Every structure is written in C-alpha cells, then in structure tokens.
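First the structure, in the form of structure tokens, and then the observations on it.
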Amino acid sequence: MAETAESKKEEADYKRLHSFPLIRHTDMPEEMRLETMELCVTACEKFAANNESAARIIKESMDKKFGSSWHVVIGEGFGFEITHEVKNLLYMFFGGSLAVCVWKCS
Amino acid sequence: MPVPQKPGTVRSKQGSNTHSLLKAPAVKGAKVSSKKKDDEDGTETGDGDEWTQGKTLVKPPDQLDLTEEELKEEFTRILTASNPHAPQNIVRYSFKERCYKPVSSVDQLAVHFVLEGNLLHKDSDEARRQRARQGFAEEKTATETENVAENEDKPETPADGVEDAGDAEDGAGEERPDSVDVQVGKKEHKITNQFNFSERASQTFNNPQRDRSCQTEPPPRATFSDTVNQWVIYDAYVEELQKQEKSKEKQKTPKKEEDKGKKKKTVWVESQSDDITKVAKVAKIIERMVTQNTFDDIAQDFKYFEDASDEFRELEGTLLPLWKFHYDKAKHLSVTALCWNQKYKDLFAVGLGSYEFTKQGRGMLLFYSLKNSTYPEYIFHTNSGVMCLDIHKELSYLVVVGFYDGSVAVYNLKEDRPQPVYKSTAKSGKHTDPVWQVKWQNDDIDKNHNFFSVSSDGRVVSWTLVKNELLFTDIIKLSVEGAVSEGQEDMKIPDIAGGTSFDFHKEIDYLFLVGTEEGKIHKCSKSYSSQFLETYTAHSLSVDAVKWNHFHPKVFISCSSDWTVKIWDHTITSPMFTFDLNTAVSDVAWSPYSSTVFAAVTIDGKVHVFDLSINKYEAICQQAVVSKKTKLTHIEFNPVYPIIIVGDDRGYVTSLKLSPNLRTKPKEKKGQELPKGPEVEIAKLEKLLSLLRDTESPVQK
C-alpha cells in the first residue's frame, strides 16, 4: 500500500513538475518562438483530450499569424522526418507526455 | 398591248426617223387598225380575207406613194450627238448677279424607248424561289406562264393574249396574298445586291509578343527528424529539471560575486573620473603639439632668429614680436601684474583687473606657458580685480595675489580648486585700499612662508602662512610726516602716505624701498617701524615702480606717471640718471643679464629699452608694440631667455624677442670683457656711476 501511495505521489510530483513546456529543438527567432510556444500550450491545455483539435487550432492560428502553410503534429509517441523552411521549426514537449512539432513548409 | 400606251413609246414614235425603227410600229399600227376595223365592221373580219391575202403590205393612209426609183434613191443622213429639239436659248435667273443668264449647257440626251423587262433566268435564285412559291399552284398558273411566254414570243397574237398578259400581271398581283401566306411559313432573308457588293476585311498590326519568366529562389529548407515516445519525453524533463536545480545553486553563489562586482564598479566609477583627468593630460599634450605646429614659425623665431641688421646698427636694437597671449573671458580687463615662474622658465602669471576706479569688478589670475599661447594653463576667477601677484621663488606653486578690495590671498597651483588656500579678511588685518604690490620673502626662523604687501592705506604688512591661517604684522606705516618732517609741521596734511610699490634689497635682508602716491621713495628697514632710513623726493606724481638692480647692490630704478625714469644710488638722495620718455611710464624692469640694461613701458604703447653702457641719454630701442590707443601696463624680463613680456590694458600679453644689440655688447667693446659674471656687471655699472659721481661732486661742492 505504502509503495502504491509513494508511486502515486511520485506520479503526482512528476505531473506537477513536468507540466511546463520544454522546447526540444527550435530555430525560430526569439519572439516567434515565445509566441508559438504559448500558442501550443494554450491549445494543448484547451483540448487536453483531443490532440487533433489542438493540432488544428495551432495550425490555423499559425497560418494566420505567420502565413501558410504550417503543419502540426501532436502525439504521445511518433517518429518523423520532415522538411521545413529554416527558422520555422519548433519541436517541444509539454505536460510530461505530449510532443508537439510545428513547422512550416509551403 | 400596254406598251404603246407608255410615254416613252410615244416619244419613240415621234422621234423615229429611221426605217428600221419604223417597221415594227408600222406593223403594230396595222394590227391595231385591223382590230379597230374588226370592231367597226365585223363583216370584213368575219370574212377572213387577211388570212388569205397573206403577204399584202399594209400601208398607212397618209403614206406618200413613192415610185420604185424614188424608193431606191439613197438619202445620206449624219447622226450627231446634239439633240435638234433641245432648246438653245434657255435663260435662268442668277441670284448671284441678279439678272437672267443664258444656260450654256443643255441636256442633249433624248430617250426614245424604255422597256423594263420581266424575264427571269430560270436558274436564278429569284426564279427558283418563285417556282418554290408557285409549287402547289403550278397547275393553275402553268398555262398562264406559257401564255406569257407565247405572248412575248409572238406579239402579234390576238387580244386574248393581251388579256392573258394582263391576267398574268393580275395573277402576280393576286398571287401576292398567297405568297404572303407562304412567307409566313418560309422566312425570306434579304437578298444582297449581287452586283454592287464587295466584301472587305482589314486587321491591325499585332504587337509582337515575347515570353518572359522568372522564378524566385525558394526559401531555404532543412530537414529535421526525430522519434518521440513517452520515455524520451520523460528523460528530457528529468534532465531539464536537473539543469534547473544546478542553475539555482549557481545563482546563490553569483550573488556574492555580484556584490563584489558592485564594489568593483563603484571603484571603477571613481577611477573613471581619474581617467578623464588622464585623458585631459593627454589632450593637453596634443593641444600643445597642435599649437606648436600652428605657431611653428614663431617657435623657430624664438629659438633661432637673430636680427642680422643689428650688425650694421651698432647703437640700436629691435624687438621681434612673438606670441600673443589672450584669453577671451579676460577681454575687458587690463593686465595689472606679470610674473615669471623662476622654476619653470616658460611659465608666467598674469593678473587681470582694472586700474579704473569706475570699472572695478571681477578679476582673473591666469598662467600661461610659452608652449601654448592659445589657452591658459591655469585659470582662477576672482571677485575683485587682481592688482599684483608674486610667485614664490622656490615653491613655484605658491602664488600670492593682492586685490583691489585690499585683501591678499595665496593660491596653490597643486591644489586643484578655484579658491585660494589663504585669504586675508577684515578680521585678519586686511588692507583698506587696493594692494599695489606683494612680494614673497625668505622663510622666517620657524620655516614659515611669509610675504609682504603694500597698499594705498599706507601700511606695509608682513604676512605669515601658519598652518591654515594667515597671520599679519604691520611693518611700517607710511606717513607724510616722516617724509617731510622738517619745517612743514604747521600744514594739515593727511598723515598717511599711500604706498604704491616696494622692493626688497637683494642682499641686505632688512632693507627695502617703498614708493608712494606722493612721489616719494622711502628707504625703510624691517626693524624700524617708526621712521624711514631715507626719503627720496623722487617724482612729482605717484611712483609706479621701484626696483633694485639685479647686480649692483646700491642701485635702484624708479618710474612714475610724471614721464620720467630715474636711476638712484641709495646712498645719494638725488637721482643718478633721469630719462624723460615724454609720456607716463607704467612700469620699468632691470634686465637679468646685464646691470646696465633696463626696459620701460609707456601708456602710448611703446617699449623703451636702455643700455647705459651704450647710450646714457637715449633709449637704444623705442618700439611701439601695440596700437597707440592701447596702454602698456607692465613689463617683465624672462629670467633666462632673451624675451620680454608686456601686458596692456586690453588683457593681451605680448612676448617680444630682444635683438642681439639689446642684450649683449657690441663685439668690439666686448672683446676685452670676455670674462662674465656679476662682478663684471657691477664693475660695469660702477664705472658709469663713478663717472657721474665725479662730475656731480664738483657741482654739489
């Protein structure tokens, strides 16, 4: 019992600690990066249960803000090889279990 | 037949003169007449004689009967283009000329016969259309058309043919309503005029076309690949958290470092101000370099130029103007004091104030170097006008200044502040009148620096610098009584005599001279405050300067506004030499290199240089160095260089180089007196004086 409690606590700790957005790779300029990151966070929080909607809203707002054509992948596990326009890639983790990859390629 | 009824045909009848034309109408006329005959007497026609007679010629009743010969006779007729029936005398009213005018051209055309045909080519469109139209009614009209054709082929067919033709025409007329009905079904498009129709087409020239294309460079791209799953994410977060913890630990330690850094910064700020002064020093050097470059020719003159013409003018010399020193803010002040620095021979002090009673105000103390004539080395602003100054001989950074308001002050050049380090106040024995001269003395027994001052209030005061105080001691009070004690006691003369200048003996420490406003010169001792050792009735106006000779211990010189310069032996009450310069003399100075040379400045802007060994009566150089309106106020010899500086009442200080004749003896005379030194100089002056004494003593006796 104690172990499970501990593990639960750990898990809670983990979730609490790992909730912040962690940028894994980006080549965006500072301002753009911050904006994109915030957008991803709000989208993922809003659609915590629906990655597709989150991805859609991210893509659409990125298209509006920085011009088309943006691509967004959100998931808990995936592999990818993409071609992107330089200075237009953000790859980040969020919430301890989500990976978000946003890039532009038209 | 309807043909003869037409007017055209009538005309043709009228105009038919030829046989060929006549024949047909004749035949027709015969037919008509035969018809009429039939109408009139049907019996004849009923007989049918005509058919049998066949070829009998029918003649009109009025036809001339001609014989065979007459018929065969040939008549020649010429056909011309002119119409014999055309009138030739037609006139028409001309509105332009308002009269009738004959018409020159008359229509010669006569139409004899017109027949409008009603035949159609059976292949023509019109015919086809008509056939099509008449298609259903063909059976009806077939006979009629045949008749028509027969009628036309055989004009001589009887009356029914005529009726047929009329029917045909009527038929055409009757047919029209039918054709309208037909037309309802069949739309008939307008027929183009096949004779007068031509088709034309044109096209504008087309501009040549050219293809051009370009493509932008596609934005640079890069590929990126990764694989992500839960444990990768977890690892990334754990790593990040560890990093953050580390950085937190680091932040704690840098705080201490930052404190240190702040201290360093404050230190740095302090040192920054030092840096500015360092820069200032460098800037100063640069400024001097620039000045040196700019005034290179003057520097060359200062060092090397010797007036070659002196060789030929044995008894005269010239002054070469060198630098002019001027400070913009001192424009309206006059130079009231000049003093060379004894340690740094290129540095001199300039006191600025005003001699005018009505123009008193601020003053200024400037230090110039010969190395930079454009800007002063040191600048001190004073509230009262500077009247005199003196630089300490050993401690060249100490400068004593006397002011118009009666105070004296000591400036220290080493201390970088605009205020004096010592200043006399009303409490501490300040003079009540302008201080006319100050002079540093040798240090006293307690090693305290001290100086003397003289003022118009009649006091000669000794000032001692003790720690941070300025202690004063009255040395002597100048009184008129002391000077004129004999025989004039009855008169009520103010008992104070204003001192205007003084000078201390070079060798005898206690001995000094004081010039007064009354024109007297008193020889005093520091020890006796009550009385004078001697009084010389020197000038009729105030004594502007009194100075001991640099070499000869007995000789001093005085000058006054009464136009005279006098040289004295202090043991004798009458002057040894008297020079009248024809204008007020502001200042006089002995040269430091010769006992017999001195220079005086006058208010008309001239410098007078005397060498007694060359000329005992006149100046060997009289030169105007400034404009005549400018008054020269002071003169000083440089202790080592052969230059003098003169100050004027506009704040300018001019430096002048003495030509060789003014500073050395001519070679011929000097050949014997090669050994130099004070003794030689003393001897030189003594020789002159002894001559005078010898001449004077008989006079006195």
Quiz item: Going down the list A:8/B:248; B:343/B:430; B:331/B:520; B:547/B:687; B:520/B:628; B:467/B:523, which pairs span over 23 Å between their C-alpha atoms?
Solution: A:8/B:248; B:343/B:430; B:331/B:520; B:520/B:628; B:467/B:523
Quiz item: For the residues B:563, A:70, A:103, B:436, what sequence is obtained by ranking on other C-beta atoms within 10 Å, fewest first?
Solution: B:563, A:70, A:103, B:436
Self-check item: Alpha carbon convex hull of the range A:2-104, projected area averaged over orientations, nm²
Solution: 7.0
Exercise. Report the label-to-label distance for residue B:69 and residue B:82 in nanometres (one decimal), using points 7 Å from each Cα along the Cα→Cβ vector.
Key: 3.6
Practice problem: Give, as a single signed number, the net charge of other residues whose beta carbon lies under 13 Å from the beta carbon of residue B:284, with Lys and Arg counted +1 and Asp and Glu -1. | Solution: +2
Exercise. Among A:61, A:75, A:42, flag the residue with its Cα farthest along the positive direction of the charge dipole of the range A:2-104, charges on Cβ as +1 for Lys/Arg and -1 for Asp/Glu.
Key: A:61
Quiz item: Among B:634, A:25, which comes first, second and so on when ranked by fewest other beta-carbon atoms within 10 Å?
Solution: A:25, B:634
Self-check item: Those GluC sites (Glu not before Pro) in the range A:1-86 that DSSP places in a loop and that have at most 14 other beta carbons within 10 Å
Solution: A:76
Exercise. Please give the FRET efficiency for residue A:16 paired with residue B:279, using the beta carbon to beta carbon distance and R0 = 45 Å, rounded to the nearest 0.05.
Key: 0.15
Quiz prompt | Span from the the range B:66-141 Cα centroid across to the the range B:363-418 one, whole angstrom | solution = 143
Quiz item: What does the charge dipole of the range A:44-105 about its Cα centre add up to, to the nearest 20 debye, if the Cβ of each Lys and Arg holds +1 and the Cβ of each Asp and Glu holds -1?
Solution: 240
Exercise. Rank these for me by crowding, B:210, B:663, going from fewest to most other beta carbons within 10 Å.
Key: B:210, B:663
Quiz item: Quick one: if you stick a label point 7 Å off each Cα along the C-beta vector at residue B:132 and residue B:105, how many nm between them?
Solution: 4.7
Exercise. Could I have the simple spin-label model distance between residue B:289 and residue B:467, label points 7 Å from Cα toward Cβ, reported in nm to one decimal?
Key: 4.8
Quiz prompt | Computed lengthening from residue B:355 to residue B:379, 0.36 nm per intervening residue step minus Cα-Cα distance | solution = 6.6 nm
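Coordinate-derived values only; no laboratory data. All figures in this text were calculated on a predicted structure; none of them were measured in a lab. So basically every Cβ, Gly included, is an ideal-geometry build from the backbone, and we count neighbours across all protein chains shown.
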